[in-house]
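Readers should treat all values here as calculations from the given coordinates under stated rules, not as data from a laboratory. From a predicted model like this one, the values you see are computed outputs, not experimental measurements. Here Cβ is always computed from backbone atoms with ideal geometry, including for glycine, and neighbour counts include all displayed protein chains.
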């Protein structure tokens with residue numbers, strides 16, 4: 001059965017995409033830790049990151065790096081954090097999150113009631129910064 005991320009990637013469910021290429025996509029979390037919390041996901045449905053082909057993992061990290069730079073520019077956090085968990089959705093995904101304290105990466109603090117219009121606005125800020133960085137992979 002397809003993961004929820006596969007359904008979002010295939011357009012069966014909505015998503016606020018900021019990046020699309022042949023290997024990976026990035027879209028905003030619907031339960032963000034902070035505004036701008038972005039998920040970088042391989043198109044291939046793989047459960048555990050250690051099962052990814054090394055080149056795919058490298059590509060995901062490169063996308064996360066670019067998205068992280070856009071997050072830094074758009075939200076001006078102290079740092080941009082990145083983590084890989086994959087316990088709730090069994091499809092590899094890197095969380096790229098603007099952070100001000102270590103507690104900003106605590107998933108107990110996720111905003112399960114985030115407003116869709118706030119997520120859309122954060123996505124547009126990231127798209128603007130990705131375009132400013134010269135990225136053609138920016139998704140509309």
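Can you compute the label reach from residue 49? Point 7 Å from Cα along the Cβ direction, backbone N cut-off under 11 Å, restricted to region 93-135.
Residues passing the 11 Å test: 93-96.
So, by mean Cβ neighbours within 10 angstrom, what's the order for 65-73, 90-98, 14-22, 46-54 with the highest one leading?
Final packing ranking: 90-98, 65-73, 14-22, 46-54.
Under 18 Å from the 7 Å Cα→Cβ point of residue 13, by amide nitrogen: which residues of region 81-119?
The answer is 85-96, 110-117, 119.
In nanometres, what is the gap between the two model label sites at residue 79 and residue 62, each 7 Å from Cα along Cα-to-Cβ?
So the label points at residue 79 and residue 62 sit 2.5 nm apart.
So how far apart, in nm, are the two label points at residue 88 and residue 31 if each is 7 Å from Cα heading toward Cβ?
0.3
Would you mind telling me which residue in 125, 115, 79 has the biggest mean-square fluctuation in a Gaussian network model of the chain, where springs connect alpha carbons within a distance under 10 angstrom?
115
Taking 22 Å as R0, compute the FRET efficiency from the Cβ-Cβ separation of residue 23 and residue 128 and round it to 0.05.
FRET efficiency, residue 23 to residue 128: 0.40.
For Cα extents along the principal axes in Å, one of (i) 35, 35, 28; (ii) 56, 29, 20; (iii) 49, 30, 25 was computed from the structure I shared and the rest are decoys. Which label?
(i)
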